[in-house]
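Student: Just dropping this structure here.
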Amino acid sequence: MNAPDHINPEQLLSILFQSPNATAVYTGSNIKILSANAAMLKFWGKDRSVIGKNFTDAIPELIDQPFPGILREVWDSGITYYAKNYPATLEIDGELQESYFDFEYKAILNEKGKTEFILHTAFEVSERMAAQKLVLEKSVSEQKLNEELSAINEEYTATNEELSSTNEELMTAENSLIKLIAELHDKEKRFRFMIEQSPVAMASLKGENLIVDIVNDIVLNIWGKDRSVVGMSLPEALPELEGQPFLGILKKVYKTGKPFYGNELKVSLSNNGNLTDRYLNFVYHRTNVDGAEEHSILIVANDVTEQVLARKNVDEINTRLEIALDASSLGSTEVHLATGVMKSNDQFKRNFGFEPDEEFVYADLFEAMFPEYREKVKALVQESIRTNGIYKAEYPIKWRDGSTHWIQANGRPRYDENGKGDRMVGMTLDITDKKLFEQQKDDFLSIASHELKTPITVVKACLQFLYRIKDQPFSDTHTRMIEQSVKHIGKMAEMVDDLLNIRRLSEGQLQIEKKYFNIYDLLSNTCNHIKLENKYKLIIQGERSLDVFADEHRIEQVVINFVNNAVKYAPESYEIIITLESEREYVKVSVKDFGKGIEKEELPKLFDRYYRKDHSGKGYSGLGLGLYICSQIIEKHKGEIGAESVLNEGSTFWFKIPISEPII
Ligand code: ADP
């Protein structure tokens, strides 16, 4: 067998001719082409006519390129030359084109060590070069993309941090992201790398069956799965999606090629066997690989569960707060201290006598406030900003209609990012009724002590006087002192009774025990103390045979109160007429006197708790409770109470109660 360097040129040529590799054989210092196979001719863009020609004559475009020189070098030195990725410009189809080659000029030596042939083999590596170049370019663009991605992601995170910020922005960010990625996918196989490195959740599903092709850890984390899902179809990988809309949407995207944007969609995913709900912003985007039969769907998702839940929580709290504010008639506001702009709820404005659609600013608040309270409230606000404490204040305000109202306000400062108090969050409550009531109560206490003090003083004086004359024989003076004492003790007892009744009323202990009784008989037998006194004439008129279903004792209490008041406040009226009449299912009892009468505007107030006309100097004792207690008794009977009066002619106090037990 011949050694390779003694190969018979004919043999060599025939072997080389079979080779799919581009091959040529040269000889001589002029590099005559002995042979070139089809692959080599194709590289050169020449036909078989070049065989037998010198290299530079055959391929003149190579004269100015290094190859003839290298070949000469190899011929002269007998040293094989090898090159990789070497560019060559060749005329192909009449056009000069640059291609890249790996090639070898192998010196085949004769027995004297002199070059006999040069064996030229070449592989075109233009594609590889182009690919490498592309890879290089892509990796630059990828880096750019990665930068963009992380910039987008940063923007994303920043956006997400702002709970209320719009998701639209996110969608735009995702949109540009998806475009970049899709672009890359269509052209570039390093898509896989891209997905795996992506700072957002990404996956690629292949084909109609949605085979999990590429996933990154972020997606796996959302899915609660590991890499074993790769190669499964999505319904296999995530069986819990059955019955949820996603598979349907994916199929549609696959079919139509129209991307789908999901905004805060809830997906239930199984994590260690437990179904957990997550909220996702995501895009399904079909990528079309040129010429490929199958498409892929690229999924880019962002888990927004925390934000959604936090927002839902805030919404829920806000709703509850609104309900609570509404139910308690609480006004709420946020004042921007520098601008005085207030964001207030409707109730807040109403508390200050403004309509909900009217503008109400901080200055209006102080304008409404009684001047003597303004500085005090301002100081409280300042103090609460200083101490980050809650301020509490109660102040009267004047509405634009001139009416006075009381406001209870609580507030707390809010601070800007520099820690400067810039806002005040406040709550207000209209406490006018409470204030009025407190006022009445205070008034009542002073009246009550004053009223009780009068008889006590009289009784005390009588007793002191009696003590002084205790050793003297019993006289008219003794009798008068005792009578006075008894009378005033009686008044005190009455007042204490009223106080006790009021206490019972406010504790809801006024018990009504109803039974049938004849009301005419009750009226005839009551008020014996007055009849005995013989100073007044009690006339009773009306139906005699009327039985009513009521609390006899309490109804008598009301009648006695009316009659006592007639005696007390209309002493000049000799006659007091009690009338009994039935009005359909009601019985009406009126007590009429012929005294001085009551002013019209006084009438509705008489039955209010603690209401008492100023009788100073006239010696009427009383706590202003009697008629209020009467009204409560009648109310318990589901009846009505009222008074009519004509000045200087007299007054009529009346009540109506149902005659019989109501049929339910
Ligand atoms: P008081 O303990 O002051 O009597 P009442 O509730 O019984 O309290 O009465 C309230 C007010 O109604 C009295 O202060 C009085 O001014 C007025 N009043 C009640 N009855 C009469 C009457 N017959 N004539 C005039 N004024 C009356």
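The values are calculated or read from the model by the stated rules, or taken from the named source; none is laboratory data. If you're wondering where the values come from, they're calculated on a predicted model, not measured in any experiment. Counting neighbours? That spans all protein chains shown, and the Cβs are built from the backbone with ideal geometry, glycine included. The accessibility values were calculated without ligands, DNA or RNA, using every heavy atom of the protein model including side chains. Shrake-Rupley method; radii C 1.70, N 1.55, O 1.52, S 1.80 Å.
Student: Restricting attention to region 627-648, does a residue exist that is modelled with pLDDT under 90, open to solvent by 20 Å² or more (accessible area, probe 1.4 Å) and within 9 Å of the ligand (Cβ to nearest atom)?
Tutor: Yes, region 627-648 contains a residue that is modelled with pLDDT under 90, open to solvent by 20 Å² or more (accessible area, probe 1.4 Å) and within 9 Å of the ligand (Cβ to nearest atom).
Student: Can you pull out the residues in region 308-332 that are in contact with a Phe, Trp or Tyr (Cβ under 8 Å, 6 or more places away or on another chain) and open to solvent by less than 80 Å² (accessible area, probe 1.4 Å)? Explain how you work it out, then say what you get.
Tutor: First pass over region 308-332, keeping only residues in contact with a Phe, Trp or Tyr (Cβ under 8 Å, 6 or more places away or on another chain): 308-309, 331-332.
Answer for region 308-332, where residues must be in contact with a Phe, Trp or Tyr (Cβ under 8 Å, 6 or more places away or on another chain) and open to solvent by less than 80 Å² (accessible area, probe 1.4 Å): VAL308, GLY331, SER332.
Student: Related question: Could you run through region 246-264 and say how many residues are outside any strand (DSSP E or B) and in contact with a Phe, Trp or Tyr (Cβ under 9 Å, 6 or more places away or on another chain)? Write out each step before concluding.
Tutor: Filtering region 246-264 for residues outside any strand (DSSP E or B) gives 246-259.
Subset that is in contact with a Phe, Trp or Tyr (Cβ under 9 Å, 6 or more places away or on another chain): 246, 249-250, 252-254, 259.
Final tally of qualifying residues: 7.
This table checks each residue for (1) within 9 Å of the ligand (Cβ to nearest atom); (2) farther than 29 Å from ARG503 by Cα; (3) at pLDDT 90 or above.
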position: SER573; (1), (2), (3): yes, yes, no
position: TYR586; (1), (2), (3): no, yes, yes
position: VAL589; (1), (2), (3): no, no, yes
position: GLY595; (1), (2), (3): yes, yes, yes
position: LYS605; (1), (2), (3): yes, no, no
position: SER616; (1), (2), (3): no, no, no
position: LEU623; (1), (2), (3): yes, no, no
position: PHE653; (1), (2), (3): yes, no, yes
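Student: For CYS527, which of the numbered conditions (1) within 16 Å of the ligand (Cβ to nearest atom); (2) at pLDDT 90 or above; (3) surrounded by 12 or more Cβ atoms within 10 Å (Cβ to Cβ); (4) farther than 30 Å from LYS441 by Cβ fails to hold?
Tutor: (2)
Student: Does region 296-315 include one or more residues that are of a type in the set (Asp, Glu) and in contact (Cβ under 8 Å) with a residue 60 or more places away in the chain? Lay out the reasoning, then the answer.
Tutor: At the first step, the residues of region 296-315 found to be of a type in the set (Asp, Glu) are 303, 306, 315.
Restricting the remaining residues to those that are in contact (Cβ under 8 Å) with a residue 60 or more places away in the chain gives 303.
The answer is yes, given that some residue of region 296-315 is of a type in the set (Asp, Glu) and in contact (Cβ under 8 Å) with a residue 60 or more places away in the chain.
Student: Mind telling me which of the residues THR477, THR428 ends up being part of a helix (DSSP H, G or I) and farther than 21 Å from GLY624 by Cα?
Tutor: Values: THR428 fails: part of a helix (DSSP H, G or I).
Exactly one of THR477, THR428 is part of a helix (DSSP H, G or I) and farther than 21 Å from GLY624 by Cα, namely THR477.
Student: Pull up region 224-240, narrow it to residues that are over 17 Å from ILE297 (Cα atoms), touching a Leu at 6+ places or on another chain (Cβ under 8 Å) and in a helix (DSSP H, G or I), then point me to the one that is least open to solvent (accessible area, probe 1.4 Å).
Tutor: Of the residues in region 224-240, the ones over 17 Å from ILE297 (Cα atoms) are 224-228, 239-240.
Now narrow it down to the ones that are touching a Leu at 6+ places or on another chain (Cβ under 8 Å): 224-227, 240.
Still in the list and also in a helix (DSSP H, G or I): 227, 240.
Details: ARG227: 108, GLU240: 31 Å².
Of everything passing the filter in region 224-240, GLU240 is least open to solvent (accessible area, probe 1.4 Å).
Student: Is it true that THR89 is among the polar types (S, T, N, Q) and in a helix (DSSP H, G or I)?
Tutor: On the way: among the polar types (S, T, N, Q): yes; in a helix (DSSP H, G or I): no.
Answer is no for this residue.
Student: Ok, one more. Looking at ASP593, ASP608, which one is touching a helix residue (DSSP H, G or I) at 6+ places or on another chain (Cβ under 6 Å) and not assigned by TED's automatic domain parsing to the domain that holds HIS450? Working first, answer last.
Tutor: Values: ASP608 fails: touching a helix residue (DSSP H, G or I) at 6+ places or on another chain (Cβ under 6 Å).
Going through ASP593, ASP608 in turn, the sole match is ASP593.
Student: Using the structure shown, decide if ILE195 is at pLDDT below 90 and over 16 Å from TYR279 (Cβ atoms). Quick ask: steps written out before the conclusion?
Tutor: Details: at pLDDT below 90: yes; over 16 Å from TYR279 (Cβ atoms): yes.
Spelling it out, ILE195 is indeed at pLDDT below 90 and over 16 Å from TYR279 (Cβ atoms).
Student: Does SER204 satisfy being within 18 Å of ARG192 (Cβ to Cβ), open to solvent by less than 50 Å² (accessible area, probe 1.4 Å) and polar (S, T, N, Q)? Even if it seems obvious, please write down each step before you answer.
Tutor: Values: within 18 Å of ARG192 (Cβ to Cβ): yes; open to solvent by less than 50 Å² (accessible area, probe 1.4 Å): yes; polar (S, T, N, Q): yes.
Here the answer is yes, as SER204 does meet what is asked.
Student: Which is within 16 Å of the ligand (Cβ to nearest atom) and either under 51 Å from the mean Cα position of the chain (by Cα) or of a type in the set (Phe, Trp, Tyr) (or both), of ARG503, ARG400?
Tutor: Unique residue meeting the criteria: ARG503.
Student: OK, next. Considering only residues of region 100-128 that are closer than 12 Å to LYS84 by Cβ and in contact with a His (Cβ under 8 Å, 6 or more places away or on another chain), which is surrounded by the most Cβ atoms within 10 Å (Cβ to Cβ)?
Tutor: PHE103
Condition check ((1) farther than 30 Å from ASP346 by Cβ; (2) open to solvent by 100 Å² or more (accessible area, probe 1.4 Å); (3) touching an Asp or Glu at 6+ places or on another chain (Cβ under 9 Å)) across all residues:
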| residue | (1), (2), (3) |
| --- | --- |
| GLY426 | no, no, yes |
| LYS434 | no, no, no |
| ILE447 | yes, no, no |
| THR457 | yes, no, no |
| LYS470 | yes, yes, no |
| SER475 | yes, no, no |
| HIS478 | yes, no, no |
| GLY490 | yes, no, no |
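Student: Let me ask something else about it. Say whether the condition of being without any contact (Cβ under 8 Å) to a residue 60 or more places away in the chain, of a type outside the set (Val, Ile, Thr) and part of a loop (DSSP other than H, G, I, E, B) is met by at least one residue in region 553-567.
Tutor: No: zero hits.
Student: Could you list all residues from region 397-409 that are surrounded by fewer than 16 Cβ atoms within 10 Å (Cβ to Cβ) and in contact (Cβ under 8 Å) with a residue 12 or more places away in the chain? Before the answer, list the steps.
Tutor: Here is the first cut: in region 397-409, the residues surrounded by fewer than 16 Cβ atoms within 10 Å (Cβ to Cβ) are 399-404.
Selection gives TRP399, ARG400, ASP401, SER403, THR404.
Student: Hey, another quick one. For the condition open to solvent by less than 60 Å² (accessible area, probe 1.4 Å), in contact with a helix residue (DSSP H, G or I) (Cβ under 8 Å, 6 or more places away or on another chain) and β-branched (Val, Ile, Thr), what is the one hit in ILE539, ILE512, ILE560? Break it down into steps so the answer makes sense when it comes.
Tutor: Working: ILE539 fails: in contact with a helix residue (DSSP H, G or I) (Cβ under 8 Å, 6 or more places away or on another chain); ILE560 fails: in contact with a helix residue (DSSP H, G or I) (Cβ under 8 Å, 6 or more places away or on another chain).
Result of the check over ILE539, ILE512, ILE560: ILE512.
Student: Among (1) over 18 Å from GLY421 (Cβ atoms); (2) buried (at least 18 other Cβ atoms within 10 Å of the Cβ), there is one condition VAL377 misses while meeting the rest; what is its number?
Tutor: Of everything listed in (1) over 18 Å from GLY421 (Cβ atoms); (2) buried (at least 18 other Cβ atoms within 10 Å of the Cβ), VAL377 misses just condition (1).
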